[in-house]
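Just so you know, all these numbers are worked out from the coordinates, no wet-lab data involved. Model, not experiment: these values are computed from the prediction. With ideal geometry, Cβ positions are generated from the backbone for all residues, glycine too; neighbour counts draw on all protein chains shown.
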Amino acid sequence: MKAVIRLFPAVFWMGVIFYLSSKTSNEMGGWLYEIQLLFPFMQSLDWGHFLAYFILSVTFAWSFRGKLTLGRKAIIVILCLVYGVTDEFHQYYVPGRTPDMKDLVNDGIGASLAMLLLSVPFIRARFESLKGAKYY
């Protein structure tokens with residue numbers, strides 16, 4: 001039962017991604033454009049996909065018991081990419097949206113960067129202590 005409860009944040013966030021993917025660009029608003037204006041050197045990065053999959057990978061990491069090994073981090077990135085493929089498939093059926101390989105790349109960048117950030121020793125120690133893992 002605890003495993004199901006630990007998965008709830010990831011499942012909830014996948015629902016949020018699904019909901020946002022069913023919206024057209026006009027319905028989403030322009031806040032992502034404003035972020036791109038703050039960081040002009042990163043305008044090719046789709047901040048929406050990047051942030052969504054950064055958060056998804058952290059929620060997946062939360063669901064794993066114990067330490068986050070390199071293998072577990074790879075599994076998390078793969079899970080995020082698999083969900084990203086389903087997200088792009090879903091967008092094919094949303095009017096005004098199209099599947100795009102660049103979005104999948106941004107999904108992978110977001111997920112990978114989150115796992116890289118969780119590899120920083122003091123961040124990893126804090127994260128694992130918050131989720132109740134034994135940290136050695």
- [ ] Can you tell me how much longer the chain between Val94 and Thr69 gets when fully stretched, taken as 0.36 nm per residue apart minus their C-alpha distance, in nm with one decimal?
- [x] 5.3 nm
TODO: Find how much the distance from Ala125 to Arg6 grows on full extension, using 0.36 nm per residue of separation minus their present alpha carbon separation; answer in nm with one decimal.
DONE: 41.0 nm
TODO: Based on other C-beta atoms within 10 Å, arrange Thr24, Thr86, Thr59 from fewest to most.
DONE: Thr24, Thr86, Thr59
- [ ] Would you order Phe60, Phe122 from fewest to most other beta-carbon atoms within 10 Å of each residue's own beta-carbon?
- [x] Phe122, Phe60
Open item on the list: Which of Ser22, Ser57, Ser63 has the fewest other C-beta atoms within 10 Å, and how do the rest follow up to the most?
Closed with: Ser22, Ser63, Ser57
